[in-house]
Each structure stands twice: as C-alpha cells, then as structure tokens.
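The values are calculated or read from the model by the stated rules, or taken from the named source; none is laboratory data. No experiment lies behind these values; they were computed from the predicted model shown. Cβ placement follows ideal geometry from the backbone for every residue including glycine, while neighbour counts extend to all protein chains displayed.
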Amino acid sequence: MRLIQFLTQRGLRIGLERNGDKVLDLGEHGIQETSLRALLEGGPERLEEVKRLTAQISGVNLLDKKDLKIVAPISDPSKLLCVGMNYRDHCEEQNAPIPKEPVFFSKCVNAITGPTSDIQLPEVSKEVDWEVELAFVIAKTGKNVPLDSAMDYVAGYVVANDVSARDWQFKPESLGQWLLGKSMDGFCPLGPALVTKDEIQDPHNLGLRLRINGVTKQSSNTNQLVFDIPAIISYVSRLMTLSPGDVILTGTPPGVGCFRSPKEFIKSGDVMETEIDGIGTIVNRFV
C-alpha cells in the first residue's frame, strides 16, 4: 500500500493511492483512524486488516491527488531519529573512518514538512544544505529487538531529506549545535507516501538521488549503507523503546553541499527534488 495523509475541512485524513494520481479516502470506507500514527498504533494486524478491506473496495469515489493538500505521511512521531556517517561513499568523501557503531542524532518534530511544501530559509543561516535519505517507520513497540526479527518492526518507507544549517551544525563557538542546525522549521520534508514494507523487495538495494534546480548533486544506492535497517533497530532499541510511527532516517550518500569544491548552499528560489526508487520523489522549493 501507498498511504498518505491529507488535510480537509474536516481535519486530517488518511488516503490510499490508486493508479498513481487517484486517492481513496479511507475515512469514507469505515476506517476510523484519522492519522497514520494512530493506524500504526493498532499494530501490524490493523495494517493488514486495512489492506484486506481496501482490496475489496472498487474504484468508486476516488479523489484527484492534485486537488488534495497532502502533508507528510507521518507528521507527529514520538521520535525522529537520524543515523550519521552511514554511507561508505559519504565517509570516503570526507576522508573519515567508517564508524564501528551507528552514530545517532535527532531532529525535532517541528522540522517535519510535506512532500511539496515550501521551506522557509532561516534568517540565521547562510549555509543551508541538502541530504537525501531513506527513512523507515516503526510498526510496533520494540525494546531489545533481536537482529533476526528486526524487520518485523518496520511498517514501511518514506523519502526524507535531512536539511541542515551547516553554520549551526558546525558552529565553532559552541563546538557545534547539531540539534539546532538540524531542527529548524521545515528541515525534514517527508513523503510522498508511506510505502508499506511488502511493496519494497529489498530496501538495501535502492537507487537514491537529489537534484537542485534539475542538476543532480547526489546519486548512490542503499547498498552503500554501513549499518542496515536491522542493525539500526537492534542497536537503538537497546537504549530506548521504539514506538509505532517513529521515523528513523538512515543517512546520506556523498554530494552534500558542504563537502563540494567549492562549497554550495541553498538559495531562495532553489527547487530540491529528493528521489528514491520504488518510493517516489518529493519536491520542495526554498523561499
């Protein structure tokens, strides 16, 4: 399934994409949950139930996707975690050693924005950068998750961009302000849909790309991940309980602006396209 969230006069709704440009409003077909996080909190069994129910619904009363105000597929996770230095080719780009353990940081939830939303460039930063990332969404509560069952805790995947204010992230006066540099408003566009796990044959062999104004800046494959999804889940769940709807970004490949020569940063009017095979593309303009 390709599940989205969209806003109406009645509030937040869950939609199921059909035929690429059509959407089935699940609220019109007996699905009571009004957010994807609430749906996931019903457990994997509830997600399977929704899949069975929607398979029986014909193409009646479909909405045109272009007419909907689509927001991030997960807009209110209890945790928004990120893994740094997790692509071999990104480590090589920085002449940095490959980590022996996953390196975690977080973004605040205010950073989440929609797959086509404009992103306001903050007045306090002149070095806003891009990072295409595969993100996965947690399906059920997990603590001390074994490696061999970790994929059971994945609900699905989204395209993410870990937008970063480098002059804050690496701010010398404070030895770096990672949380602030990563968590400015709109600095984590997500979308275009939550693609359930069964739709992606191998999340560890997906092409991912980023373009600025149509020019490719990043192009790699998730087969370059240092720590795969089971390793990430097993590691972090030893330290904190994972909850349904939590979003975890898995890292970015080479080609970010701060390591280019000369350095490149985002300007007002720039259009950022973030794309992952099998999941789709999100398009955000900076204003």
Practice task
Could you tell me which residue of region 137-174 is farthest from SER234 (Cα to Cα), considering only residues that are in a helix (DSSP H, G or I) and of a type in the set (Gly, Ala, Ser)?
Solution key: SER174
Exercise for the section: Output the residues belonging to region 11-21 that are farther than 19 Å from ALA72 by Cβ and over 22 Å from the mean Cα position of the chain (by Cα). Expected result: ASN19
Handout entry: Out of GLY27, GLY59, sole residue that is assigned to a helix (DSSP H, G or I), small (Gly, Ala, Ser) and farther than 21 Å from ALA160 by Cα
Key = GLY27
Practice task
Might you check whether a residue that is modelled with pLDDT of 95 or more and under 20 Å from GLU131 (Cβ atoms) occurs anywhere in region 237-245?
Solution key: no
Exercise for the section: Give the residue that is surrounded by the most Cβ atoms within 10 Å (Cβ to Cβ), with candidates limited to residues of region 98-140 that are in contact with an Asp or Glu (Cβ under 7 Å, 6 or more places away or on another chain) and polar (S, T, N, Q). Expected result: SER125
Practice task
Please indicate, with yes or no, whether at least one residue in region 18-25 is under 21 Å from ALA139 (Cβ atoms) and either in contact with an Asp or Glu (Cβ under 7 Å, 6 or more places away or on another chain) or not assigned by TED's automatic domain parsing to the domain that holds VAL109 (or both).
Solution key: no
Practice task
Output the number of residues of region 149-174 satisfying the condition of being surrounded by fewer than 21 Cβ atoms within 10 Å (Cβ to Cβ) and either within 15 Å of PRO44 (Cα to Cα) or in contact with a Pro (Cβ under 8 Å, 6 or more places away or on another chain) (or both).
Solution key: 4
Handout entry: Test for LYS79: is it in contact (Cβ under 8 Å) with a residue 40 or more places away in the chain, touching a Cys at 6+ places or on another chain (Cβ under 9 Å), surrounded by 14 or more Cβ atoms within 10 Å (Cβ to Cβ) and basic (Lys, Arg)
Key = no
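Listed here are the residues, each with its yes/no results for (1) among the aliphatic types (A, V, I, L, M); (2) in a strand (DSSP E or B).
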position: ALA193; (1), (2): yes, yes
position: ASP202; (1), (2): no, no
position: LEU210; (1), (2): yes, yes
position: LYS217; (1), (2): no, yes
position: SER220; (1), (2): no, yes
Handout entry: Residue check, ASN95 part of a helix (DSSP H, G or I) and surrounded by fewer than 20 Cβ atoms within 10 Å (Cβ to Cβ)
Key = no
Exercise for the section: Search region 26-42 for residues that are farther than 14 Å from LEU194 by Cβ and pair each with any residue that is among the hydrophobic types (A, V, I, L, M, F, W, C) and in a helix (DSSP H, G or I) when their beta-carbon atoms are under 9 Å apart and the residues are at least 6 apart or on different chains. Expected result: HIS29/LEU53; GLY30/LEU53; ILE31/LEU39; ILE31/VAL50; ILE31/LEU53; GLN32/ALA38; GLY42/VAL50
Completion exercise
Condition set in contact with a Ser or Thr (Cβ under 6 Å, 6 or more places away or on another chain) and not in a strand (DSSP E or B), scope region 98-136, selection nearest to ASP162 (Cα to Cα): answer is GLU131
Problem - Test result for LEU12, surrounded by fewer than 16 Cβ atoms within 10 Å (Cβ to Cβ), of a type in the set (A, V, I, L, M, F, W, C) and not in a loop (DSSP other than H, G, I, E, B) - result: no
Problem - Filter result for GLU48 (free of Cβ contacts under 8 Å to residues at least 12 places away in the same chain and either assigned by TED's automatic domain parsing to the domain that holds GLY245 or under 22 Å from ASP152 (Cα atoms) (or both)) - result: yes
Problem - strands (runs of 3 or more DSSP E) wholly inside region 243-287 that include at least 2 residues being aliphatic (A, V, I, L, M), surrounded by 19 or more Cβ atoms within 10 Å (Cβ to Cβ) and on the phi > 0 side of the Ramachandran plot - result: none
Exercise for the section: Please work out if LEU225 is surrounded by 21 or more Cβ atoms within 10 Å (Cβ to Cβ), at pLDDT 95 or above, in the same structural domain as GLU273 (by TED's automatic domain parsing) and closer than 23 Å to LEU80 by Cβ. Expected result: yes
